[in-house]
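Shown next, in structure tokens, is the structure this report addresses.
The values are calculated or read from the model by the stated rules, or taken from the named source; none is laboratory data. Note that this is a predicted model, so its numbers are computed, not measured. For neighbour counting, all protein chains shown are included, and Cβ atoms are generated from backbone atoms with ideal geometry for every residue, glycine included. We work out accessible area using only protein heavy atoms, side chains counted, and drop any ligands, DNA or RNA first. Shrake-Rupley method; radii C 1.70, N 1.55, O 1.52, S 1.80 Å.
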Amino acid sequence: MNLIVAVDRNWAIGNKNKLLNSIPEDMKFFRTTTTGKVVIMGRKTLESFPGGQPLKKRLNIVISKNPDYHVKDAVVVPNIQAALDAAKDYDTRDVYVIGGESIYRQMLPYCDVAHVTKMDYAYEADTWFPNLDQDEEWEMVAQSEEKTYFDLEYEFDLYVRKTSYDRMKDYIREHCMD
């Protein structure tokens, strides 16, 4: 399973239920990477989307503890195990965890690949992603050249869980950045 996230230099991911920044190239990468795939998210992440609507051309699995929570064109489940069950018929390489903080932390042990957009700026934030550079289980296997959006420098990094590296070699070759 994959996860996809944009972080600042302190691994912050959001503030007041909003992304820290909206970089067009990152948004395009997210869209092209996840379209036609399965995305798993928490309720707050879904509600942060335009109109609080599920992402088009994807199977949206939304985790909410509220048994009365329903969303048109999404599968709503009560917990992580139910989300894993809802995605079990799909190739794990086609399943992406997309946030927020609590869902990332709970789903991280089930993921083998992390697509991380790193922004070289420290934003005011109230949610963070675990720092994979300090996690001995993860290794960065690819890094794009530095890019710039106005005055913001950023890069695309690909991390792989070390225990999954051998079985993920083909996937890494297909998804490595220049």
request  = Could you please report the charge total around E101, scoring K, R as +1 and D, E as -1 over all other residues with beta-carbon less than 11 angstrom from its beta-carbon?
outcome  = +1
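Expressed as a rounded percentage, what relative contact order does the range 19-105 have, with Cα pairs under 8 Å and six or more residues apart?
32 percent
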query = For the chain, what is the relative contact order in percent, using Cα pairs closer than 8 Å and at least 6 residues apart in sequence?
reply = 28 percent
key: Built amide H within the under 5 Å cut-off of A142, gap 5+   = L158
query = Amide H to amide H, which residues 5 or more places from G99 or on other chains are under 5 Å from it, using H placed in the peptide plane?
reply = G42, Y104
ask   = Relative to the Cα centre, what is the charge dipole magnitude of the chain, using +1 at the beta carbon of each Lys and Arg, -1 at the beta carbon of each Asp and Glu, and rounding to the nearest 20 debye?
value = 880 debye
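How much of the accessible area of the chain, in percent, comes from carbon and sulfur atoms when a 1.4 Å probe is used?
Ligands and nucleic acids excluded, carbon and sulfur reach 48 percent.
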query = Could you give me the ³J(HN,Hα) list for the range 140-155, computed from phi with Karplus coefficients 6.51, -1.76, 1.60 and θ = phi - 60°, whole Hz, x at Gly and Pro?
reply = 6, 10, 7, 8, 6, 5, 5, 10, 9, 10, 6, 9, 8, 8, 8, 8
remark   = Per the helix-only model, the chain has a calculated mean residue ellipticity at 222 nm (DSSP H runs of ≥4, -39500 (n - 2.57) each, divided over all residues, rounded to the nearest 500) of -6500 deg cm²/dmol
ask   = So for L19, L46, what's the accessible-area order with a 1.4 Å probe, most first?
value = L19, L46
request  = Read phi for every residue in the range 67-76 and hand back ³J(HN,Hα) as whole Hz from Karplus 6.51 cos²θ - 1.76 cosθ + 1.60, θ = phi - 60°, with x for Gly and Pro.
outcome  = x, 8, 7, 9, 9, 4, 6, 9, 9, 9
ask   = Rounded to the nearest whole Å², what accessible area per residue is found for the chain with the 1.4 Å probe?
value = 56 Å²
remark   = With Cα springs under 10 Å, the Gaussian network model of the chain assigns the largest mean-square fluctuation among D73, D89, D112 to D89
note = Classified through the alpha carbon gyration tensor (a ≥ b ≥ c as square roots of its eigenvalues; rounded if a/c is under 1.5, else prolate when a/b is larger than b/c, else oblate), the chain comes out oblate
request  = Report the local net charge at M41: Lys and Arg +1, Asp and Glu -1, summed over other residues whose C-beta lies under 12 Å from its C-beta.
outcome  = +1
remark   = Going residue by residue through the range 11-24, the Karplus relation 6.51 cos²θ - 1.76 cosθ + 1.60 with θ = phi - 60° gives ³J(HN,Hα) values, rounded to whole Hz and with x marking Gly or Pro, of 6, 6, 10, x, 8, 6, 6, 10, 5, 6, 7, 10, 8, x
